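Below is one structure; the comments refer to it alone.
The values are calculated or read from the model by the stated rules, or taken from the named source; none is laboratory data. Just so you know, these numbers come straight off a predicted model, no measurement behind them. Neighbour counts run over all protein chains shown; Cβ positions are idealised from the backbone, glycine included.
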Amino acid sequence: MITYALYFTFACFGAAVLMCLWRIISADRVATRVLALDTMVINTIALMILYGLTLGTEIFFEAAMIIAMLGFVSTVAYARFMLRGNIIE
């Protein structure tokens, strides 16, 4: 039963990543693209966690933490760039 639940969640998060990718391509404003990219990072982290659960290994949890930190830093950098025009002062 848990196998079917994992397959269903893989399909749902995979569809969410594809929808975010479509939003990144078709968005008209930069802020919308940044928001879609941040959401796509979160969905990718969820997929990595699910894959780690499926395989029963812990390495994917550590990789998900690294990607979460990089996603946060990139979102902050994009926000600073949109507000000020530069990232490093």
I'm trying to understand the selection: among the residues of the stretch 48-89, which are of a type outside the set (A, V, I, L, M, F, W, C) and farther than 22 Å from Phe10 by Cα? Ser74, Thr75, Tyr78, Arg80, Arg84, Gly85, Asn86, Glu89
Got a number for residues in the stretch 1-48 being crowded, with 17+ Cβ neighbours inside 10 Å and over 14 Å from the mean Cα position of the chain (by Cα)? 0
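Conditions (1) within 29 Å of Ile2 (Cβ to Cβ); (2) out of contact with any Ser or Thr (no Cβ under 7 Å at 6 or more places or on another chain); (3) polar (S, T, N, Q), marked per residue:
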{"position": "Arg29", "(1), (2), (3)": "no, yes, no"}
{"position": "Asp38", "(1), (2), (3)": "no, no, no"}
{"position": "Val41", "(1), (2), (3)": "yes, yes, no"}
{"position": "Leu47", "(1), (2), (3)": "yes, yes, no"}
{"position": "Leu55", "(1), (2), (3)": "yes, yes, no"}
{"position": "Glu58", "(1), (2), (3)": "yes, yes, no"}
{"position": "Glu62", "(1), (2), (3)": "yes, yes, no"}
{"position": "Met65", "(1), (2), (3)": "yes, yes, no"}
{"position": "Gly71", "(1), (2), (3)": "yes, yes, no"}
Can you pull out the helices (runs of 4 or more DSSP H) entirely within the chain that have at least 3 residues that are of a type in the set (S, T, N, Q)? 2-26, 30-55
Does at least one position in the stretch 58-74 carry a residue that is modelled with pLDDT of 90 or more, surrounded by 15 or more Cβ atoms within 10 Å (Cβ to Cβ) and in contact with a Leu (Cβ under 7 Å, 6 or more places away or on another chain)? no
